[in-house]
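The values are calculated or read from the model by the stated rules, or taken from the named source; none is laboratory data. All values derive from a computational prediction rather than experimental measurement. All Cβ positions, even for glycine, are placed from backbone atoms using ideal geometry, and neighbour counts span all protein chains on display. Side chains included, ligands, DNA and RNA excluded: accessible areas come from the protein's heavy atoms. Shrake-Rupley method; radii C 1.70, N 1.55, O 1.52, S 1.80 Å.
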Amino acid sequence: MTQDQWGQVKQDLRKTVGSSNYTNWIEPLELSDVADGVATLDVPTSFVGNYVSQKFGEHILFHLRSAAPDVRRISFNVPAKRPVATRATSTAAPRADAVRAERDNVIAAAPLEPKFTFDSFVVGKPNELAHAAAKRVAEGGPVTFNPLFLYGGVGLGKTHLMHAIAWELQQNQPNLNVLYLSAEQFMYRFVQALRDRKMMDFKELFRSVDVLMVDDVQFIAGKDSTQEEFFHTFNALVDQNKQIIISADRAPGEIEKLEERIKSRLQCGLVVDLHPTNYELRLGILQSKVEFYRGQYPDLVMADGVLEFLAHRIRKNVRVLEGALTRLFAFASLVGHEITLDLTQDCLADVLRASERQLTVEEIQRQVSDHYNIRLSDLVGPKRTRIFARPRQVAMYLCKQMTSRSLPDIGRRFGGRDHTTVMHGVRKIEELRASDAQIAEDLDLLRRTLEA
Ligand SMILES: Nc1ncnc2c1ncn2[C@@H]1O[C@H](COP(=O)(O)OP(=O)(O)OP(=O)(O)O)[C@@H](O)[C@H]1O
């Protein structure tokens, strides 16, 4: 492809993306090479490369292919000699820069979501520790804990925090090579390298990044050779004091089919979890999203109490909450009505119904036995010692409070106990709740976890 053709592609892109996007993002791109179906574009920083890849990658590919149909992929490259303001202070040798430039191509493999920044992340009690740890890593100072291991249930903000770290690092230290990818992509790249006999390149690439982020690491559980390679990559980077950030849907020790040595390595740094959201956090997130929608739908009015209603009723995860709000605004703008409680209930009937799902006695029993670290069989079994009897009473109390089961029914599910035993247990916990701060705290925590 000639530079003239590339000039034409850029002009076509101007029409597609609009002139301000063009000036900010497309204009600075330079075509440096087309080989083996890959068009390499020079960008001033990997931050720009990431953003352009995410926002305009498909448009660029589309127009490139109209001029050169054999282009299958675009890759972004930060050229070694390009003068970048922040590089003036860099002590990196030219060779190191060249290697970096090569590595920057990889980052485009997992584009970062522009919306996932620290600014848009709402902090509350359930996520404050994870947020603080992520902020610390994003400062890019000396590595104090390695790895940072973030875990939590679906849709609680793990990916959001990882992208926020990557954005901040890239913005403040464009020379740093930050590589973010999912564990699935890690496996895919590993398998590809094996197939193409490019393991040396693979190893060099992964071992020469400054910050490695691997999302959803539970994915490699049970995939033996990928785990093996991951383990070596991990060790090599830790040895060089390079920061690693990992996320998973559960704690390292709880990921089944993950090699013990990997589990123990993952536990070596700081392990923090994102707790299920509470009401205040859900409300805070809704309020911040509404600010955004107000910009998009300036004419829409929202009645008082709608956000509180949603925060109260949709407890699942933030993704569901966000989806509900998006749907609500889209619907209201379509019908041109104020967003009232009635409209909310109509529009989100299915989401609200799904969130109403009743808790089961079994879920409560499981949660309580986890909380007190006793076996489920002991919780429902015959042993009467205090260490089992008290958690049992707590579980009975929660079943009475949080399900619609009758006392005889609850008794049956606790090893065939009589309803008077359940009643006694419930009363006991009611009394203790007022007099024993520990029990009150346990109940509060259990209730919040079960409601999430
Ligand atoms: N505290 C928060 N503030 C603002 N938005 C949030 C917060 N937590 C989660 N979100 C939003 O919720 C959605 C889901 O978050 P994210 O993708 O980070 O979840 P996850 O924990 O990685 O889930 P999964 O396990 O499914 O990968 C995203 O759109 C994210 O922006």
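What to note about this one:
- Bridge type composition, the chain - antiparallel percent by DSSP, nearest 5: 15
- Charge tally in the Cβ shell below 13 Å around N24, where Lys, Arg are +1 and Asp, Glu are -1, N24 excluded: +1
- Backbone amide hydrogens, once placed in the peptide plane, bring M213 within less than 5 Å of L179, Y180, L181, I245, excluding anything fewer than 5 places away on its chain.
- Residues of type lysines that K428 reaches as a straight line, Cα spacing below 20 Å, ignoring anything fewer than 8 places off in the same chain: K383, K400
- Mean-position separation - Cα centroids, segment 229-251 and segment 146-206, in angstrom: 10
- Per residue accessible area of the chain, 1.4 Å probe, in Å²: 50
- Principal-axis tilt of helix 94-107 within the chain, Cα atoms, nearest 10 degrees: 50
- Measuring spread by the Cα atoms of segment 109-273 yields a radius of gyration and Dmax of 15.0, 48 Å.
- Neighbour net charge for T385 - beta-carbon separation under 13 angstrom, K R +1, D E -1: +4
- Cβ-defined net charge surrounding A248, 12 Å radius [Lys, Arg +1; Asp, Glu -1]: -3
- Compared with the dominant Cα axis of the chain, that is its longest principal axis, helix 224-239 is turned about 70°.
- Values of log10 I(q)/I(0), in the order q = 0.27 Å⁻¹, for segment 279-355 under a Debye, Cα-only, solvent-free model: -1.53
- Segment 262-347 - percent of accessible surface contributed by carbon and sulfur, probe 1.4 Å: 51
- Between Q192 and H312, full extension at 0.36 nm per residue minus the direct alpha carbon distance yields a gain of 38.5 nm.
- Percent RCO, i.e. relative contact order, over segment 361-451, from Cα pairs under 8 Å lying at least 6 residues apart: 26
- In terms of distances greater than 25 angstrom between alpha carbons, the cross-link table entries K115/K158; K15/K158; K115/K135 yield K15/K158.
- Mean Cα-pair separation over length for the chain, i.e. relative contact order, pairs under 8 Å, 6 or more apart, %: 11
- The fraction of Cα-Cα pairs per 10 angstrom bin, counted from 0 for the chain, comes to 4, 17, 22, 23, 18, 10, 5, 2, 0 percent, rounded to whole percents.
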